[in-house]
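The values are calculated or read from the model by the stated rules, or taken from the named source; none is laboratory data. This structure is a prediction, so every number in the text was calculated from the model and none was measured. Please note: Cβ atoms are built from the backbone with ideal geometry, for glycine as well, and neighbour counts cover all protein chains shown. These area figures cover heavy atoms from the full protein model, side chains too; ligands, DNA and RNA do not enter into them. Shrake-Rupley method; radii C 1.70, N 1.55, O 1.52, S 1.80 Å.
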Amino acid sequence: MKKIIIDTDCTIDVKGCDLDDAFAILFLLAHPEIDVRLITTTFGNSDENTTYKASKKMLDDLNLDIPLVKGGLYSHEAGEAIKKEVEANDDIIILSLGSAINTQKALALGMDPKKVKSFVAMGGITEELQFNKKIMDELNLSIDYLSTIYVLERLDNIHIITGNNCMKHKYEVPTNPEYKSEFMNYLKPSLERLTKEFIDEFGESKLVVWDALAALYITNSEYFVDIEKNISLDEEILNGYLVEGKDKKVNLPEIKDDINAMDYIVSVIEEND
């Protein structure tokens, strides 16, 4: 079993916000080889109060007994919880799906970076994100770029699933979907809401479920081609760009062309929740 800490800016059911965090969380909770030890909330898709409330509501609605700790700018509790969990377990993986501030605080509080097996993040771009000729801003790494730099400087075995890679693997919600699992039926109203928002904004019905693809790297790294690069940890991260440099060696995995990532993710949730 792989032990995971999920650090999330979940905004399921929040109008105008994404649901990719919820998709990632429920996929990992459904996966038979994953042990989610802790969920912490941060800012990104929305403010830290909204993301905590959205995360708590989802866990309560589904009767999921997973430790949940609110984090962000104004609390050290999530950082303390991450530090405690890492120090109590061997080979734990941190999945970062929003601002990295909670991991930054865990390190500042004395967490041993060598006890973190790997740090997997969704975010960063290597070129402009274009969605039907509209430019999309990078969010996760740039939203609090100083925390991002702090964390990347100190941790090793870093894997970043970039926005550019995620754009290649979309999910089209079926017309009148009939899901069989509790988790997918819980996601269904938000999937339909987000599809309408995508059509209105981008003229596109296929969704990019960003964070779920980062979760997939943890469960099935064999579906990816690892691409190690040396990057700069400088002001380019303010805009989310991962540019070549000499500061840090990271892995920027790309999903293999013959992998239908979202169909696989949905199938795991449908079969195992």
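A few remarks follow.
- So Thr50, is it open to solvent by less than 20 Å² (accessible area, probe 1.4 Å) and not aliphatic (A, V, I, L, M): no
- Residue within segment 100-115 that is open to solvent by 10 Å² or more (accessible area, probe 1.4 Å) and in contact with a strand residue (DSSP E or B) (Cβ under 8 Å, 6 or more places away or on another chain) present: yes
- Scan of segment 204-226 for residues that are part of a loop (DSSP other than H, G, I, E, B) and among the polar types (S, T, N, Q), ordered by number: Ser205, Asn220
Conditions (1) of a type outside the set (A, V, I, L, M, F, W, C); (2) closer than 19 Å to Asp91 by Cβ; (3) assigned to a strand (DSSP E or B), marked per residue:
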position: Ile12; (1), (2), (3): no, no, no
position: Asp18; (1), (2), (3): yes, no, no
position: Asp21; (1), (2), (3): yes, no, no
position: Leu28; (1), (2), (3): no, yes, no
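- Within the set Ile160, Ile143, the sole residue that is under 30 Å from Gly203 (Cβ atoms), touching a residue at least 24 places away in the same chain (Cβ under 8 Å) and either open to solvent by less than 10 Å² (accessible area, probe 1.4 Å) or part of a helix (DSSP H, G or I) (or both) turns out to be Ile160.
- Yes/no for Glu201 being closer than 20 Å to Ile101 by Cβ, of a type outside the set (Ser, Thr, Tyr) and in a helix (DSSP H, G or I): no
- Just one of (1) within 19 Å of the chain's Cα centre (by Cα); (2) open to solvent by 50 Å² or more (accessible area, probe 1.4 Å) fails for Glu236. It is (1).
- A single entry from Glu197, Glu236, Glu201 fulfils the requirement of being over 21 Å from Ala24 (Cα atoms) and in contact (Cβ under 8 Å) with a residue 60 or more places away in the chain: Glu201.
- Of all residues in segment 174-198, those satisfying the criterion of being in contact with an Asp or Glu (Cβ under 9 Å, 6 or more places away or on another chain), under 16 Å from Asp263 (Cβ atoms) and surrounded by 16 or more Cβ atoms within 10 Å (Cβ to Cβ) are Tyr179, Ser181, Phe183, Met184.
- Within the set Asp18, Asp13, Asp91, the sole residue that is over 20 Å from Asn272 (Cβ atoms), in contact (Cβ under 8 Å) with a residue 60 or more places away in the chain, buried (at least 24 other Cβ atoms within 10 Å of the Cβ) and among the charged types (D, E, K, R) turns out to be Asp18.
- Here segment 38-59 is the region considered, the condition is being in a strand (DSSP E or B) and touching a Ser or Thr at 6+ places or on another chain (Cβ under 9 Å), and the residue that is farthest from Glu138 (Cα to Cα) is Ile39.
- Enumeration of residues in segment 116-140 that are open to solvent by 40 Å² or more (accessible area, probe 1.4 Å), in a loop (DSSP other than H, G, I, E, B) and either farther than 22 Å from Val208 by Cβ or touching a helix residue (DSSP H, G or I) at 6+ places or on another chain (Cβ under 7 Å) (or both): Thr126, Glu127, Asn132
- Near pairs, Cβ below 9 angstrom, 6+ apart or cross-chain, from segment 250-273 (β-branched (Val, Ile, Thr)) to any residue that is open to solvent by 70 Å² or more (accessible area, probe 1.4 Å) and not in a loop (DSSP other than H, G, I, E, B): Val250/Glu228; Val250/Lys229; Val250/Asn230; Ile255/Val225
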